[in-house]
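A.B. asks: The structure follows.
The values are calculated or read from the model by the stated rules, or taken from the named source; none is laboratory data. On a predicted model such as this, the values are computed, not experimentally measured, just so you know. No Cβ is skipped: glycine too gets one built from the backbone with ideal geometry, and neighbour counts run over all protein chains shown. Keep in mind that these areas ignore ligands, DNA and RNA; they rest on the heavy atoms of the full protein, side chains included. Shrake-Rupley method; radii C 1.70, N 1.55, O 1.52, S 1.80 Å.
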Amino acid sequence: MTGTNKNIAFHNNLLEFTDYAYEHENVLPHRYVFVLTNLCNLKCSFCFQEKKRLEKNMSFDDWISLLEQIPQNARVTLTGGEPLMFPRFLELFERVVQRVACNIISNGLLLTHEIIDKLLEHKNFKVLSISIDNIGNTVRDVTPKEWERLKENLAYFKRRKSELGSEAVLDIKTTVLDENAGELFNIYRYCVEELGCETHGFQFLKGSYLQHSDKIYDMDKIFETSHAYVYKNFERIKEKFMKVQAYNISHTARSFMHPKVGSFIVQDDLHNLHLLNGEAMNYEDFKPCKFPWSSVHINYDGNLCPCLAVSMGNVREMSLEAIIFGERFKEFKAIIKERGLVEACNRCGWLKPKDEVVE
């Protein structure tokens, strides 16, 4: 099985685990997102992170203490902010992959040959996800010199991956913006043909500030009316997505959209795209959410949250099991089970339409 297929298999296994965990309340989650820092070397206009330098960050030892409580069949995603800005990043990465499988989400600008070599040494390193929103990444204010260095490092990643026989997947994520609407197909094709990514994702702008935020909110905020961004160039987005679909069907490339309201590898399965361009969310269009049962985020300050930035407890003050099986998380899960979705779920990447095509 290729690295790409293994990555897809992991996603499918996560879906199966999610259904199981939803029905069995004594199961620890399978996916743990370590938000190592809220700091970043870029200042993207559409980013939801505050990026304020604070003194209450989790230390290296704090992360190790948490890591030792995670089930050995789990997977950890290292992200931020920019995770490579975390002090002792490689040392923490080494400890993570000694215990569990690991993904990394990064803008890639701080990659070096040394870091790439260290990543690819480990079979438990599964996915490197790089954020690229247009050719040159000028949408993210990346300089030409930085872009050239990133391209060289991605080429080095692909070469060393082949030399070492690694099955780690190079994934590229593109945020869908009005500014890049007319370029989406060209961006995608460039990422596949020039940068050599094996999987690719189109991420729509979030519909609520509570989703994966580095700022913690009170529970009652999840019910406040949300207002998702309405794209002005949505017809162009649809046009380019049809070209992406045609390319995927005729090639071996794999692309996905988040939220996944359609498939790029199933002919004519883009009829639900309109669900991603309303200011309000129509609850009747989507399945109830189950992912708080299988996936959690641990913020840079130790607060453990589901996908929404509502603290279930702090891992520096409570054990992982005490938080996951605690009364506050039970309260949150009860709300989701009763309602299926809440206002803060608007355009969340985990949303699934009721007539979802199974690939």
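A.B. asks: How much net charge surrounds GLU114 when only other residues with a Cβ under 12 Å from its Cβ are counted (Lys, Arg +1; Asp, Glu -1)?
C.D. replies: Values: positive: LYS118, ARG160; negative: ASP117, GLU121.
My count for the surroundings of GLU114 gives 0.
A.B. asks: Name the long-range amide H neighbours of LYS352: under 5 Å, sequence gap of 5 or more, or other chain; modelled H, no Pro or chain starts.
C.D. replies: Close amide H contacts, sequence-distant or interchain: LYS287.
A.B. asks: Karplus couplings for region 260-265 from phi (6.51 cos²θ - 1.76 cosθ + 1.60, θ = phi - 60°), rounded to Hz, Gly and Pro as x?
C.D. replies: Those phi angles translate into 8, 8, x, 10, 8, 10 Hz.
A.B. asks: Something else now. Taking amide H positions as placed in the peptide plane 1.01 Å from N, state which residues far from LYS173 in sequence (5 or more) or on other chains have amide H under 5 Å from it.
C.D. replies: Amide H neighbours of LYS173: ILE130, SER131, ILE132, GLY201.
A.B. asks: Ok, one more. For q = 0.10, 0.18, 0.21, 0.22 Å⁻¹, what log10 I(q)/I(0) does region 85-188 give under the Debye formula with an equal point scatterer on each alpha carbon and no solvent?
C.D. replies: -0.30, -0.90, -1.13, -1.20
A.B. asks: For LYS118, which lysines qualify as cross-link partners when the Cα separation must be under 16 Å and same-chain residues fewer than eight apart are set aside?
C.D. replies: Within reach: LYS126, LYS158, LYS161.
A.B. asks: Which of the peptides 121-133, 210-222 is most tightly packed, and how do the rest follow, judged by the mean count of other Cβ atoms within 10 Å per residue? The partial results should precede the final answer.
C.D. replies: Details: 121-133: 20.2, 210-222: 17.4.
So the order, starting with the most tightly packed, is 121-133, 210-222.
A.B. asks: Also, I was wondering about something else. Net charge around PHE202, counting only other residues with Cβ within less than 15 Å of its Cβ (Lys, Arg = +1; Asp, Glu = -1)? Don't jump to the answer; show the numbers that get you there.
C.D. replies: Working: positive: LYS173, ARG189, LYS206, ARG236, LYS238, LYS240, LYS243, ARG254, LYS260, ARG347; negative: ASP133, ASP171, ASP178, GLU179, GLU183, GLU239, ASP269.
Residues near PHE202 contribute +3 overall.
A.B. asks: While we're here: Using the Karplus equation 6.51 cos²θ - 1.76 cosθ + 1.60 (θ = phi - 60°), what ³J(HN,Hα) coupling, rounded to whole Hz, does each residue of region 140-154 give in order, writing x for Gly and Pro?
C.D. replies: Computed from phi, the couplings for region 140-154 are 9, 6, 6, 7, x, 5, 5, 5, 5, 5, 5, 4, 5, 5, 5 Hz.
A.B. asks: Calculate, for region 273-322, the solvent-accessible area per residue in square angstrom, rolling a 1.4 angstrom probe over the heavy atoms of the protein chains. Display every interim value, and only then the final one.
C.D. replies: Details: 1740 Å² over 50 residues.
Per-residue accessible area for region 273-322 comes out at 35 Å².
A.B. asks: Share of region 246-307's accessible area from carbon and sulfur, percent, 1.4 Å?
C.D. replies: Numbers: 1220 of 2310 Å².
The computed percentage sits at 53.
A.B. asks: Roughly speaking, what is the stretch gain from ALA246 to TYR156, that is 0.36 nm per residue apart minus the C-alpha to C-alpha distance, in nm to one decimal? List each step's numbers first, then the result.
C.D. replies: Details: separation 90, 0.36 × 90 = 32.40 nm, distance 2.97 nm.
29.4 nm is the gain from fully extending ALA246 to TYR156.
A.B. asks: Follow-up question, since we're still on this one. Compute from the Cα atoms of region 181-289 the Rg and the Dmax, the latter being the longest Cα-Cα distance, and quote both in angstrom.
C.D. replies: Just the Cα atoms of region 181-289 yield Rg and Dmax of 15.8, 48 Å.
A.B. asks: Using θ = phi - 60° and the Karplus form 6.51 cos²θ - 1.76 cosθ + 1.60, what ³J(HN,Hα) does each residue of region 241-250 get, whole Hz, x for Gly and Pro?
C.D. replies: The phi angles translate into 5, 5, 6, 4, 4, 4, 5, 4, 5, 8 Hz.
A.B. asks: Please compute, over every Cα-Cα pair in the chain, the percentage with a separation greater than 28 angstrom.
C.D. replies: Details: 27227 of 64261 pairs.
So the portion of pairs separated by more than 28 Å is 42 percent.
A.B. asks: Could you state the number of Å between the C-alpha centres of region 162-176 and region 295-321?
C.D. replies: Centre-to-centre (Cα) distance: 28 Å.
A.B. asks: Would you mind getting the accessible area per residue of region 111-249, heavy atoms of the protein chains only, 1.4 Å probe, in Å²? Spell out each step's value before the answer.
C.D. replies: On the way: 6170 Å² over 139 residues.
On a per-residue basis, region 111-249 sits at 44 Å².
A.B. asks: I've got another one for you. Which entries in LYS43/LYS221; LYS238/LYS333; LYS56/LYS173; LYS215/LYS333 show an alpha-carbon gap greater than 24 Å? Intermediate values should be presented prior to the final figure.
C.D. replies: Values: LYS43/LYS221 26 Å; LYS238/LYS333 35 Å; LYS56/LYS173 30 Å; LYS215/LYS333 21 Å.
Beyond 24 Å between Cα atoms: LYS43/LYS221; LYS238/LYS333; LYS56/LYS173.
A.B. asks: Report, by chain and number, residues whose modeled amide H sits under 5 Å from the one on ALA253, excluding near sequence neighbours (fewer than 5 apart, same chain).
C.D. replies: none
A.B. asks: Along each of its three principal axes, how wide is the spread of alpha-carbon positions in region 149-191, in whole angstrom units, largest first?
C.D. replies: Taking the Cα atoms of region 149-191, the three principal extents are 40, 21, 14 Å.
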